[in-house]
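Participant: Take a look at this one; I'll ask things after.
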Amino acid sequence: PSMIPPSVVCLALAFVAASAWNDCAFPQVDWFALDEGVGISYSYALAAMNGKMYSGGYTKGNFAFVGVTDGADVNPNPSATLWGDTTSNVQSLYVAEVSSSGSMTKAWLFKGSAIQMGQIGHGRQTNSIDAHSGMHAMLDKQHIAVKGGFRQLLELPDGTLWSSASRINTNDQVPFVMKIDVSKTNGIGVGTTGWAKLLDDGHAGGAVVHSVDGDASGNMIVTYEGCGGFNASLTSYDSYGRPVQGARTDCAKYVMKLAAADGSEVWKHGIPTQLSSCRVITDGSFFCGWSMSASAGTLDFGNGITVASEASRVGIVKYNANGIAQWAKATASTSFADLAVSKTGTLLVVVGSPGGFGSAAILSRIDTSTGNEGNVLWMDAGGVGSHGFRGVEVTDDDQEVFAFGQVSSGSETLTDASGRSTTLRTRGSYEVFVVAYDASDGSGKYAMDGGG
């Protein structure tokens, strides 16, 4: 029998439904950046700004990104590469810039002294840029907000040396936040508009940073938990539910603004629950999310804003530029994992799961319009692979929603809000995928994966 050309098949499929998944046309991937080869490294977090990619993670020995294309490799700028000792097992941190053509153009090294103990990624971390949420492009388009932690010593690009020696809490990393000036070689310190700050100052028992972002003026919004003490005889539990000897005590949760000029505190307010993925919009206001638990009761965010906790719901709170709560609502019927919002605040989407580990991931668009705050406009299931959706981004024209994650083997089917499906087929293990949806109704546009 004769074979029908693929172009004819695609044309025919296009007439089936204008809003159906497009299985024939996808965005072009010009390059991907490979961070292995000259040393041992791992990318924990990514950010995008001004057409460039920023990656943060750890490096042992030497480090460079090489842009891989369908033609010649795109080599890094020689001045951007980080050289050390390939036999070294000391774990340092880096933030690197990759241009729109795939060339590594800058890198900032945070030189450590500690050797990694345990399993990378799934255990007690030595030095790290926080996974997934550890970097975010500030709205001024000149700086990257970073959060992470270290043990022992950490030397910053400007020569500042931090030490963990005096801490009574030996279980946890010393937490930090940084505002990196991407136009300068040092990124922080004298001669730049960047700075770095330890977040356990004033908290003898340690601290944990949950979210960083930056407004259009270069100020940073941070949520964190700070603790007054540490009891070595108590038992605490890590994020995987495993028991740990020793626990922080006398803890309180905060949201605060750090000044653009030097990171000094502009304001700080207590908050009734852990808030994550706080994202700032153009007018300086911001949205945060959390996973609700019915046992938490009624939460009071101040300014007369309260919300009754419900089981397995996403909580969303909006603050103005002064950190004053404007509204708080119980929204999607899932846990909370991530949040993205357009610059105007019109398009807000969250990622969560209706069950525990291994259950389907769900995207939900949340209404932010006056009088309809918190209403769920549509939901899309994305139970892909062992991790499902790992995060979400939206376009600032309020038109599209992008989710990304990984799929481990075989094939996985995505079904959008209108019931239409598309299938991802892997070529091996741990492929990454990106899926796009129409922001107006949650209908699928395309899905693509790669790796293997």
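Participant: How much area per residue is accessible in the stretch 134-176 when the probe is 1.4 Å and only protein heavy atoms are counted (Å²)?
Facilitator: For the stretch 134-176, the solvent-accessible area averages 37 Å² per residue.
Participant: Also, I was wondering about something else. How many angstrom lie between the C-alpha centres of the stretch 54-121 and the stretch 182-197?
Facilitator: Going from one Cα centre to the other spans 19 Å.
Participant: While we're here: If I model a spin label as a point 7 Å beyond the Cα along the Cα-Cβ vector, how far apart are those points for ASP398 and THR249 in nm?
Facilitator: 5.2 nm
Participant: Please give the length that would be gained between ASN171 and ARG427 if that part of the chain were fully extended, namely 0.36 nm times their separation in residues minus their C-alpha to C-alpha distance (nm, one decimal).
Facilitator: 88.1 nm
Participant: Residue farthest toward the positive end of the dipole of the stretch 213-287, with Cβ of Lys/Arg at +1 and Asp/Glu at -1: which of TYR240, GLN274, GLY263?
Facilitator: Checking the options against the dipole of the stretch 213-287, the answer is TYR240.
Participant: A further question on this structure: Using +1 at the C-beta of Lys and Arg and -1 at the C-beta of Asp and Glu, which of VAL29, ALA72, GLY194 has the Cα lying farthest in the positive direction of the dipole of the chain?
Facilitator: Among VAL29, ALA72, GLY194, the one farthest towards the positive end of the dipole of the chain is GLY194.
Participant: With labels modelled as points extended 7 Å from the Cα through the Cβ direction, what inter-label distance (nm, one decimal) is found for THR160 paired with GLU310?
Facilitator: Placing both labels 7 Å along Cα→Cβ, they lie 4.4 nm apart.
Participant: When the Karplus curve 6.51 cos²θ - 1.76 cosθ + 1.60 is applied with θ = phi - 60°, which whole-Hz ³J(HN,Hα) does each residue of the stretch 330-347 get, with x for Gly and Pro?
Facilitator: 7, 10, 4, 8, 8, 6, 10, 10, 7, 8, 9, 9, 6, 4, 7, x, 6, 9
Participant: How many nm is it between the label spots at VAL376 and VAL68, if each spot is 7 Å from the Cα in line with the beta carbon?
Facilitator: 3.9 nm
Participant: Defining a contact as two alpha carbons under 8 Å apart and six or more residues distant in sequence, what relative contact order in percent does the chain show?
Facilitator: 8 percent
Participant: Filter the chymotrypsin sites (Phe, Trp or Tyr not before Pro) in the stretch 405-452 down to the DSSP loop ones having no more than 15 other Cβ atoms within 10 Å, then list what survives.
Facilitator: TYR430
Participant: On to the next question. Report, in debye and to the nearest 20, how large the dipole of the chain comes out about its Cα centre when Lys and Arg carry +1 and Asp and Glu carry -1 on their Cβ.
Facilitator: Magnitude of the dipole: close to 760 debye.
Participant: How would GLU97, GLU225 rank on accessible area, largest to smallest, probe 1.4 Å?
Facilitator: Sorted by accessible area, descending: GLU225, GLU97.
Participant: Choose one of VAL341, GLY355, VAL307: the residue whose Cα lies farthest towards the positive end of the charge dipole of the stretch 302-412 (beta-carbon charges +1 Lys, Arg; -1 Asp, Glu; about the Cα centre).
Facilitator: It is VAL307, whose Cα lies furthest towards the positive end.
Participant: Turning to a different aspect of this structure: Rg and Dmax of the stretch 302-441 over Cα atoms: what are they, in angstrom?
Facilitator: Considering the stretch 302-441 through its Cα atoms, Rg and Dmax are 15.8, 54 Å.
Participant: Something else: Under the rule of at least 5 residues apart or a separate chain, name every residue whose amide H is placed under 5 Å from the amide H of GLY405.
Facilitator: Amide H neighbours of GLY405: ARG390, PHE433.
Participant: Also: At 1.4 Å probe radius, can you tell me the per residue accessible area of the stretch 57-133 in Å²?
Facilitator: 43 Å²
Participant: If DNA, RNA and ligands are ignored and the probe is 1.4 Å, what is the ranking of HIS210, HIS269 by accessible area, most exposed first?
Facilitator: HIS269, HIS210
Participant: Next question. Summing +1 for each Lys or Arg and -1 for each Asp or Glu, what net charge is found among the other residues whose Cβ lies under 12 Å from the Cβ of ALA294?
Facilitator: Here the count lands on 0.
Participant: Sticking with this one: In the neighborhood of ARG425, defined by Cβ-to-Cβ distances under 14 Å, what is the net charge if each Lys or Arg adds +1 and each Asp or Glu adds -1?
Facilitator: With Lys, Arg at +1 and Asp, Glu at -1, the net is -3.
Participant: On to the next question. Could you rank TYR42, TYR319 by how accessible they are, 1.4 Å probe, largest area first?
Facilitator: Correct descending sequence by accessible area is TYR42, TYR319.
Participant: To continue, here is another question. What size of dipole, in debye to the nearest 20, comes out for the stretch 319-452 about its Cα centre when the only charges are +1 on Lys and Arg C-beta atoms and -1 on Asp and Glu C-beta atoms?
Facilitator: Using only the charged Cβ atoms, the result is roughly 320 debye.
Participant: Something else now. Exactly which chymotrypsin sites (Phe, Trp or Tyr not before Pro) in the stretch 198-269 are in a DSSP loop and have at most 15 other Cβ atoms within 10 Å?
Facilitator: TYR240
Participant: Per the Kirkwood treatment, what hydrodynamic radius in Å, one decimal, follows for the chain from the mean inverse distance over all distinct Cα pairs?
Facilitator: This gives a value of 23.2 Å.
Participant: Compute, for the stretch 58-211, the length of the dipole vector about the Cα centre, with Cβ point charges of +1 (Lys, Arg) and -1 (Asp, Glu) only. Units Debye, rounded to 20.
Facilitator: Its charge dipole is roughly 220 debye.
Participant: For SER418, what residues show an amide H to amide H distance below 5 Å, using hydrogens built from the backbone and excluding near sequence neighbours?
Facilitator: GLY444
Participant: In whole Hz and in residue order, list the ³J(HN,Hα) couplings for the stretch 165-175 that follow from phi through the Karplus curve 6.51 cos²θ - 1.76 cosθ + 1.60, θ = phi - 60°; x for Gly and Pro.
Facilitator: 4, 8, 7, 7, 8, 9, 6, 9, 5, 7, x
The values are calculated or read from the model by the stated rules, or taken from the named source; none is laboratory data. No experiment lies behind these values; they were computed from the predicted model shown. For neighbour counting, all protein chains shown are included, and Cβ atoms are generated from backbone atoms with ideal geometry for every residue, glycine included. These accessible areas exclude ligands, DNA and RNA; they are computed on the full protein's heavy atoms, side chains included. Shrake-Rupley method; radii C 1.70, N 1.55, O 1.52, S 1.80 Å.
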